[in-house]
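Working notes, beginning with the structure itself.
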Amino acid sequence: MKRAAQIFFLLCSLGAAGYIAYLALGAQRLRSPANDTPMLSRSVATESRTAEGSSERPVEERNRAVSEIPTAPNEILLDVYSFNLDSDQEDEQILVIRRTDDPSGLLRLIVADYLVSSRSWMRAWEGSTAVTKVRTLQILVKDVVGDHIPNIVAVGMNDREEQAVSIFWRTPPARDNRSPLNYAKICEVSGDSVIIEETERPESYKLGQTNAETWPVTVYHRDPDSENFLDQIRETWEWNFTRKAYERVLVERIPGAQIERQLVTRILDGTVETFQRYLEGIWYKASSDPRAPGSQFVIFDPRENSLFFFKDNVMEPYQWEDSHSTRYGIFIGSRSSAVKTLRRLIDVELTGHETVSLRIFQDIRLKADVTEQWNGTYKKMNPEMASAFRKEAPAAQPRTPPLSGRYRGLDGTSFTFDAPRFTASREERTETGGFSVFSLKGVEILELKYLTETGVVGKRRSYRIDRSQRKDNGETVEILNLTPVRVAIDGIEFVEGSPLILERSPNP
């Protein structure tokens, strides 16, 4: 009997010790910093084919679409943006979805907010845009009203091949909404062209001392009563604070350039292919002499699905991903060859004989260079002028094997290439960025774009690549001789700097 009591006491002691340990571990988990982060995360596959018939989006773009909240059974998640909408320490998410039971096909936005109090994400707000073509959609967050509260702006195209803009203004939340984020649509317009007329804000606004004037919205339509195809009607929409909405305040007729009707009909026949053929070639910004320093060029090469931005002896290659026909031209979606997460949407409009207007929207998920410098009127180079810049081809993909793996330099530097990104290490310093390899007049070029800690494109380096091999204990060692160059519009120019010699062994 005494032995049985001892065994029973021992079992009870072990049980109590286990329970105490369980409580201690539970308390430690509650104190863990990991609990301050969202607890729900899932990968999302985008639509395999969009309504406008475009193919599946690139792999790198699909992989980054991660939603922190579940979507409804009738919702298809197309994209995810991250913004700080309320100036707290956490970024919120804006989800782009399409409802399967909505015959209009309009793209909708969902704001997902992280609540620190409950350590969970919630659906804070939902609204509809006027955009239907997902590959043209761009979500911006900027203070359009001028009251220091960021507005959500959706820019894109609808099924009528018009540009559409929807602007949402933050309003007080409903009583049953635990999130402070709630929005109301204050402007929704569409037309052949829509422009938010941004102006420089005063210093007092930037310091938070005063509000600023609201940016007006300008909408252009073709003049149906005019025989000139380029004559337009311009609408001006301005913010009415009393009604908390934008209102049309002015309608005026704008005469267009007098271009031969036969030429307009030939170029603007409603097909993407015709306008692409018209664009092919070198265009220079009309506000400066193309032979002067600092001149800007855009090179359109639809045959190679490429386009290039050139300024100050720096050429930025972009992949021409898709095009959508508009009334006065086309809307181009492009992606940087060096930094795959950097997209540029380009609105190209015919404004005169051998003259086009460019407006560029850049994906702000990567805070890179300002694109406003490229907006403006461009003229096409005539054959005589282009002969001074002529080359075999603007650029092309090289036929050599792609750069991949780890290369070591004689100075201790190492480069790891994993397209489209690279990592450069030397001693205790590590830098990352994007790279591209292309051929220019038969010369293989390596372009490196280094990213700063804040995600800004910093320094750029271009190198001429000379490849060779040597044998080491029966194994082939690949050698890259990288000579610093500057990429010019008609070829390359050698610059000062020591060449880099990198080697890669089969078994690093």
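Each value in this text was obtained by applying a stated rule to the coordinates, not by laboratory testing. None of these values were measured; they are calculated from a predicted model. So basically every Cβ, Gly included, is an ideal-geometry build from the backbone, and we count neighbours across all protein chains shown.
Here are a few things to note about the model shown:
- For Asp223, the shell of other residues with beta-carbons less than 11 Å away shows a net charge of -2, using +1 for Lys and Arg and -1 for Asp and Glu.
- Footprinting exposure proxy for Trp169, Trp125 (fewest neighbouring C-beta atoms within 10 Å first): Trp169, Trp125
- Taking Lys and Arg as +1 and Asp and Glu as -1, the other residues whose beta-carbon sits under 14 Å from that of Ser468 total 0.
- Spatial separation of Cα centroids for segment 190-237 and segment 130-185, in angstrom: 17 Å
- Sum of side-chain charges, Arg248 neighbourhood, beta-carbon under 10 Å (Lys, Arg +1; Asp, Glu -1): -3
- Three-way shape call for segment 75-254 based on the alpha-carbon gyration tensor, with the a/c threshold at 1.5: oblate
- The phi-based Karplus calculation (6.51 cos²θ - 1.76 cosθ + 1.60; θ = phi - 60°) puts the 3J(HN,Hα) values of segment 404-417 at 7, x, 9, 10, 10, x, 5, 8, x, 6, 10, 10, 10, 9 Hz, whole numbers, x for Gly and Pro.
- Taking amide H atoms as placed 1.01 Å from N in the peptide plane, the amide H of Glu444 lies under 5 Å from those of Ile465, each 5 or more residues away in sequence or on another chain.
- A cut-off of 5 Å between modelled amide H atoms, ignoring neighbours fewer than 5 places along the same chain, links Ile69 with no other residue.
- Loop-located trypsin sites (Lys or Arg not before Pro) in segment 213-250 whose Cβ has at most 11 other Cβ within 10 Å (DSSP): Arg243
- Take 175-184, 126-135 and order them by the average number of nearby Cβ atoms within 10 Å per residue, most first; the result is 126-135, 175-184.
- Think of each Lys and Arg Cβ as +1 and each Asp and Glu Cβ as -1; about the Cα centre, that makes the dipole of segment 261-389 roughly 180 debye.
- Cα-derived Rg to Rh of segment 414-482, Kirkwood definition: 1.04
- For Gly433, the residues whose modelled amide H falls within less than 5 Å of its own, excluding neighbours fewer than 5 places apart on the same chain, are Phe422, Leu451.
- Note on Glu227 and Thr274: the extension gain reaches 14.7 nm, defined as 0.36 nm multiplied by sequence separation minus the Cα-Cα distance.
- Span from the segment 92-116 Cα centroid across to the segment 404-476 one, whole angstrom: 40 Å
- Two-site label geometry, Ala286 and Met122: point separation in nm, points 7 Å out along Cα→Cβ: 5.4 nm
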